[in-house]
Structures are given as structure tokens and as C-alpha cells.
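Notes follow the structure.
A short reminder: the numbers here are calculations on the coordinates, not readings from a lab. Just so we're clear, the structure is a prediction, and the values are computed from it rather than from any experiment. Cβ: placed from backbone, ideal geometry, glycine included. Neighbour counts: every protein chain shown.
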Amino acid sequence: MKNSTINKAELMRLGHYREHTAMMIIRQAKIIMVQRGYPFYSNRRLGDVPLSVVEEIIGCSLGNEEQDHV
């Protein structure tokens, strides 16, 4: 089953991003989700965001890579 969320550690592993870059991508995804009407993403402790939003931010699909590793 495909996971529909992603966190900083998974983004670092799949996308080969450094910690700060992955953290900023997650932060930007959380801001987008709040703007789209999901206020619970404004929680500091929430680290998982929708994979589709992260793919919009970075401009490429991460779904295929996840399936290759499973």
C-alpha cells in the first residue's frame, strides 16, 4: 500500500536532501495545507505532510521511487 504522507527523514532518504532543506520543504508544505483549509497542520509537533503537496513543491514525483524500494 502506498503511503500518502511523508516526513523529513523519509524525504532525506528518498530525495537525497540535507536536513535543513528537507525541513524547509516540510514547513512549506504545512503552510500550503493551512492555506488550503486544514488548520491542524499549524501544529509544531506534526511532521507528516501529504506526499502530493511535497511533489508539487519539488516539482517531481516521489511515488515511483517508494514502490521500487518496497
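Between MET23 and ASN3, the C-beta separation translates, for a Förster distance of 30 Å, into a calculated FRET efficiency of about 0.95. The relative contact order of the chain, computed from alpha carbon pairs under 8 Å that lie at least 6 residues apart in sequence, is 39 percent. Near ILE32, once Lys and Arg are set to +1 and Asp and Glu to -1 for all other residues with Cβ below 15 Å from its Cβ, the sum equals 0.
Rg over Rh for the chain works out to 0.95, both radii taken from alpha-carbon positions and Rh defined as the Kirkwood radius. Note on the chain: with charges restricted to the Cβ of Lys and Arg (+1) and Asp and Glu (-1), its dipole about the Cα centre is near 400 debye. Under 5 Å from the amide H of ILE6 lie the amide H atoms of VAL49, LEU51, each residue being 5 or more positions distant or on a separate chain, with H modelled from the backbone and absent for Pro and chain starts.
Placing a pseudo-label 7 Å from each Cα along the Cα-to-Cβ vector at ILE58 and LEU46 gives an inter-label distance of 2.1 nm. Shown in residue order for region 32-39 are the 3J(HN,Hα) couplings computed by the Karplus curve 6.51 cos²θ - 1.76 cosθ + 1.60 at θ = phi - 60°: 4, 5, 5, 5, 7, x, 10, x Hz (x for Gly and Pro).
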